[in-house]
Amino acid sequence: MPAEARPVGGVDYPRTYQEFRAWFPDDFACREYLGQLRWPNGFSCPECGCGGGWRTGKGLWMCARCGRKTSATAGTIFHRSHTPLSTWFAAVWFITSQKNGVSAQGLKDALGFGSYETAWAWLHKLRRAMVRPERELLSGTVELDQSLLGGRATGKRGPSSDKAPITIAVERDHRGRLGRVRLELADKPGGLDMIDFACDVVAPGATICTDGARMFTRLADKGYLHRPTPGYTAEDLDAVMPGPHLVSSLLKRWTVGTLHYRVSRQHLPYYLDEFTFRFNRRTSKARGMLFYRLLQQAVDTDPHPLKDLIGG
Ligand SMILES: [Zn+2]
């Protein structure tokens, strides 16, 4: 299947749990599937880039030029995992088939993991595979704004110190419909990292809508068409910047409803990745499509040992 073709249910991904069970009876079947996702146009050696090779008896690919043997999982988040691939697949199916995702406790209960920590680490590994900002830049018209997430209500006006500033960039077409979103945990409210973020996630030449803050004039120097709306007040937010406003309220509802506990600032970026993954595929009726996309991105991700996650 060509890399850009739209995957088809029942052909490229399982549509139901019954199909999932039938397609992936063992680790060999899982490995074959990952190989197809990783090399949709045929095996390519990660060592020398050579495009030819053959299969070994153990299901590895051997390069025709340099002779190196490669597994479909080498260099991915499944690399050197002691857990059977079929268990990983079950986790990915479970996570993507739930509309709003699962908590670590939910995953632990569903798959019978011995420890909460294992389930937690798996979720975080998979979350890292959910967003590939360098591959999919936002384009067209993009609204850029910030919102405060979490923290206790203090009864005071204004931002409190335990709220996390989230920078939101979301596409909006001429009919007002929202497209894809990108989120980032900002250093501080209204900081210049909003500009860096926009440059990282929005394609040059796109139109970026912001409020009237002076710093946003830099966007024009960075190759964007900048459309500021100066001097709006909080009551105008829905009319002027409806995209980030809506995303922000959905994000708040999701963190409360799915995660059930206060998200630590340290791990917030991973939750933002999961929200982004789900939001950007919200119109996909087929849950199997999310399964496909997550695995596809997982074989394209560096391995992240648990110690990195905890140390992160
Ligand atoms: Zn090679």
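Read the figures in this text as sums done on the coordinates, not as results from a lab. These figures come from a predicted structure and were not determined experimentally. Cβ placement follows ideal geometry from the backbone for every residue including glycine, while neighbour counts extend to all protein chains displayed.
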Worksheet item: So for T217, T118, T73, fewest C-beta neighbours within 10 Å to most, what's the order?
Response: T217, T118, T73
Item to complete: Quote to one decimal, in nm, the extra length available between Q105 and D200 on full extension: 0.36 nm per residue of separation minus the C-alpha distance between them.
Response: 30.8 nm
Item to complete: Give me the angle, in degrees from 0 to 90, between the Cα long axis of helix 85-97 and the longest principal axis of the Cα atoms of the chain, rounded to the nearest 10.
Response: 30 degrees
Worksheet item: Calculated from DSSP H runs of 4 or more alone, at -39500 (n - 2.57) each and per residue, what is the 222 nm mean residue ellipticity of the chain, nearest 500?
Response: -11000 deg cm²/dmol
Practice prompt. Kindly put L149, L34, L246 in sequence by how many other C-beta atoms sit within 10 Å of each C-beta, fewest to most.
Written response: L246, L149, L34
Worksheet, complete the sentence: Longest principal axis of the chain (C-alpha) makes with the long axis of helix 27-38 (C-alpha) an angle, in degrees to the nearest 10, of 50 degrees
Practice prompt. Please give the net charge around F78, taking every other residue with its beta carbon less than 10 angstrom from that of F78, where Lys and Arg add +1 and Asp and Glu add -1.
Written response: +3
Discussion item. Sequence gap at least 6, Cα distance under 8 Å: using those rules, report the relative contact order of the chain to the nearest whole percent.
Written reply: 22 percent
Worksheet item: Does the chain classify as rounded, prolate or oblate by the C-alpha gyration tensor (a ≥ b ≥ c root eigenvalues; a/c under 1.5 gives rounded; else a/b over b/c gives prolate, otherwise oblate)?
Response: prolate
Fill in: Vicinal HN-Hα couplings computed from phi for region 215-222 (Karplus, 6.51 cos²θ - 1.76 cosθ + 1.60; Hz; Gly/Pro x)
4, 5, 4, 4, 4, 5, 5, 8
Worksheet item: Taking K188 as the anchor, which lysines have their alpha carbon closer than 28 Å to its alpha carbon, excluding any fewer than eight residues away along the same chain?
Response: K125, K156, K163, K222, K252, K307
Fill in: Taking C45, C30 and counting other C-beta atoms within 10 Å, the order from fewest to most
C45, C30
Worksheet item: By how many degrees, between 0 and 90 and to the nearest 10, does the Cα long axis of helix 242-259 differ from the longest principal axis of the chain?
Response: 50 degrees
Worksheet, complete the sentence: Bridge orientation stat for the chain from DSSP, antiparallel percent rounded to 5, came to 65 percent
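Counting only other residues whose beta carbon sits under 11 Å from that of L126, what net charge do I get with K and R as +1, D and E as -1?
Charge balance near L126 sits at +1.
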Fill in: Distance between modelled label sites at L192 and A22, nm, 7 Å Cα→Cβ extension
5.9 nm
Discussion item. If amide hydrogens are placed 1.01 Å from N in the peptide plane, which non-local residues have theirs closer than 5 Å to the one on I77?
Written reply: T301
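With only Lys, Arg, Asp and Glu charged, each at its Cβ (+1 for the first two, -1 for the last two), find how big the charge dipole of the chain is about the Cα centre; round to the nearest 20 debye. Don't jump to the answer; show the numbers that get you there.
Numbers: 43 positive and 31 negative charges, 111 e Å.
So the magnitude is around 540 debye.
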